[in-house]
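The values are calculated or read from the model by the stated rules, or taken from the named source; none is laboratory data. Every value quoted in this text rests on a predicted model; they were computed, and no experiment measured them. Reconstructed Cβ throughout: ideal geometry from the backbone, glycine too, with neighbour counts over all protein chains shown.
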Amino acid sequence: MPSFDSSISNKRFTGAQLKEYDVPDESGVSRRYEMDENSVQEMQDRMQRNPAEVEREIRAAKEARRTGRERLGEGAKRRIEMLLGMTRTTHTADINGTKFVFQSLKAKEMREAIICAAEYDNTVQSPFEVRKQFLARSIVSVADVDFAQFIGSDTLESKLLFIEELDDALLNRLYDEYLKMVKMAREKFSIKNDDDAKQVVADLKK
């Protein structure tokens with residue numbers, strides 16, 4: 001069994017030996033998986049304790065793989081969060097002594113907001129719904145208090161309800177500030193001159 005010594009903790013770690021398992025799916029086609037002995041034992045213990053829950057997880061994983069919506073691993077999620085921390089644009093606006101902080105949206109947040117607002121296309125409600133959907137997802141703090149704490153809830157529904165209760169003139173100002181941030185984000189990543197273009201090409205070749 002492979003092992004290695006850690007120079008940081010002065011401890012010796014023993015690696016788990018991987019075993020291969022062929023698991024057939026609904027079509028009868030077998031897929032090969034590698035699992036270490038600890039993972040196998042853990043799965044067997046869970047099957048004994050709650051077989052129905054494990055079966056539900058297996059079905060959900062198969063459905064996610066079939067539809068291309070398989071969940072990201074924790075490592076991938078951490079790397080994405082690191083990247084977002086470097087790339088997300090924030091904008092602070094002081095409105096009559098109250099500070100609002102906005103944050104640029106993730107791709108999935110933008111898509112969700114557009115899909116929700118699209119239900120009101122070609123109606124008088126459309127511009128109001130667009131404004132509400134974007135602001136509810138973009139505002140991260142109010143008066144130096146986290147948005148969720150400020151309204152007492154972290155659900156999107158509560159944030160949308162809060163936005164609807166605000167004065168229309170204030171919402172117009174908030175939306176103007178949101179659009180300023182969007183413009184800043186676009187300029188941040190746009191190619192402004194030949195030097196920027198050359199740098200992009202150089203980065204792609206790395």
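Just need a number here: residues in the stretch 115-159 that are within 15 Å of residue 178 (Cβ to Cβ) and not charged (D, E, K, R).
Number of matching residues: 14.
Inside the stretch 105-141, can you point out the residues that are under 22 Å from the mean Cα position of the chain (by Cα) and under 14 Å from residue 174 (Cα atoms)? Spell out how you get there, then give the answer.
Initially, the stretch 105-141 is screened for residues under 22 Å from the mean Cα position of the chain (by Cα), giving 105-118, 130-141.
Selection gives 130, 131, 132, 133, 134, 135, 136, 137, 138, 139, 140, 141.
Any residue in the stretch 135-156 that's aromatic (Phe, Trp, Tyr): show its pairings with residues that are loosely packed, with under 11 Cβ neighbours inside 10 Å at Cβ separation under 8 Å, as long as the two are six or more apart or on different chains.
Going by the 8 Å Cβ cut-off, the qualifying pairs are 150/143.
Just to check your reading of the model, which residue among 154, 146, 176, 167 is loosely packed, with under 15 Cβ neighbours inside 10 Å, farther than 23 Å from residue 88 by Cα and of a type outside the set (A, V, I, L, M, F, W, C)?
That would be 167, the only listed residue that is loosely packed, with under 15 Cβ neighbours inside 10 Å, farther than 23 Å from residue 88 by Cα and of a type outside the set (A, V, I, L, M, F, W, C).
What are the residues in the stretch 142-185 that are under 14 Å from residue 130 (Cα atoms) and touching a strand residue (DSSP E or B) at 6+ places or on another chain (Cβ under 7 Å), if any?
174, 178
Determine which single condition residue 204 fails, assuming it passes every other condition in (1) assigned to a helix (DSSP H, G or I); (2) at pLDDT 95 or above.
With (1) assigned to a helix (DSSP H, G or I); (2) at pLDDT 95 or above applied to residue 204, the lone miss is (2).
Of all residues in the stretch 173-201, which are outside any helix (DSSP H, G or I) and either at pLDDT below 55 or closer than 19 Å to residue 138 by Cα (or both)?
none
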